[in-house]
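Data block below; observations after.
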Amino acid sequence: MNRIHTTLLVAALAALFGSTAEAQYTYSDAYDQPTESPEYFAFELRVGGYSPDVGSGAFDTVFGDDIGPMLGLELDVIPLRIPYVGLLGGGVRFNWARYTADGCVNLECTPPTDGSSVDQELKFRIFPLQALLVLRVDVLARELNIPLVFAGKLGLDMIFSSIENGSTTEAEGRSFGFHWGAQVALELDFINPRRARNLDDEWGINHSYLLFELFGSTADFGGSSLAWTGGLGLTF
């Protein structure tokens with residue numbers, strides 16, 4: 001009986017360890033598979049430096065080297081995948097920046113006509129709004145496991161602006177122009193691939209990334225020939 005019991009115990013232990021090893025292999029192997037949910041959207045939160053053009057060098061005269069900062073939100077809809085290239089779609093971006101200067105009553109910084117002194121603060125606000133065509137080139141990340149994604153953006157700028165002298169609004173306006181942008185992004189999935197996979201399974205977040213973008217606008221009032229921004233993005 002002892003020999004029979006010993007044989008049965010060894011067989012049970014072998015079956016237990018065999019099933020455990022198989023379960024562990026299946027669990028880890030599932031995370032090695034490149035399957036993920038489809039990507040249809042991208043959301044970006046950004047901040048950067050922006051010196052708007054207001055004509056005749058007036059901005060530099062009044063605000064000096066003030067670059068904002070400019071805050072922005074972007075939402076892209078990217079429903080089309082081009083094989084071995086990336087995702088194509090469109091997006092909208094909302095931006096905001098404020099600049100201040102003391103002792104001026106307008107962007108020409110001319111003194112009051114009555115000869116009085118100026119102790120109020122001049123505020124210049126801009127609200128750029130862009131409608132964009134977006135191409136996200138992710139072939140390196142998807143095909144070669146290199147976590148770099150490049151994006152090109154073309155579209156239209158509509159820039160709202162306002163000038164306030166103290167509590168009084170001196171002027172409001174809007175201008176239009178052509179917008180371009182070139183972005184490089186570092187996907188963060190490689191830091192913890194299992195956590196990244198869990199975010200996709202539970203929340204539908206495919207990838208998170210850090211971004212840096214150069215962009216410009218031809219808008220004649222409030223545009224900028226070259227500016228920069230950085231931030232955090234998600235695709236889902």
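The residues listed here are Val77, Val62; of these, the one that is over 25 Å from Leu234 (Cα atoms) and of a type in the set (Val, Ile, Thr) is Val62.
Restrict the check to the range 179-202 and report whether at least one residue is more than 18 Å from Gly86 (Cα to Cα) and in a strand (DSSP E or B). The answer is yes; a qualifying residue exists. Every condition in (1) at pLDDT 95 or above; (2) at positive phi holds for Gly166 except the one numbered (1).
Inspect the range 1-16 for any residue being assigned to a loop (DSSP other than H, G, I, E, B), over 21 Å from Met158 (Cβ atoms) and either modelled with pLDDT under 90 or not charged (D, E, K, R) (or both) and give the result as yes or no.
The answer is yes; a qualifying residue exists.
Scanning the range 135-173 for residues that are over 16 Å from the mean Cα position of the chain (by Cα), part of a strand (DSSP E or B) and among the β-branched types (Val, Ile, Thr), which turns out surrounded by the fewest Cβ atoms within 10 Å (Cβ to Cβ)? My answer is Thr168. Note on the range 26-50: among residues that are outside any helix (DSSP H, G or I) and among the polar types (S, T, N, Q), the one that is modelled with the highest pLDDT is Ser37.
The values are calculated or read from the model by the stated rules, or taken from the named source; none is laboratory data. None of these values were measured; they are calculated from a predicted model. So basically every Cβ, Gly included, is an ideal-geometry build from the backbone, and we count neighbours across all protein chains shown.
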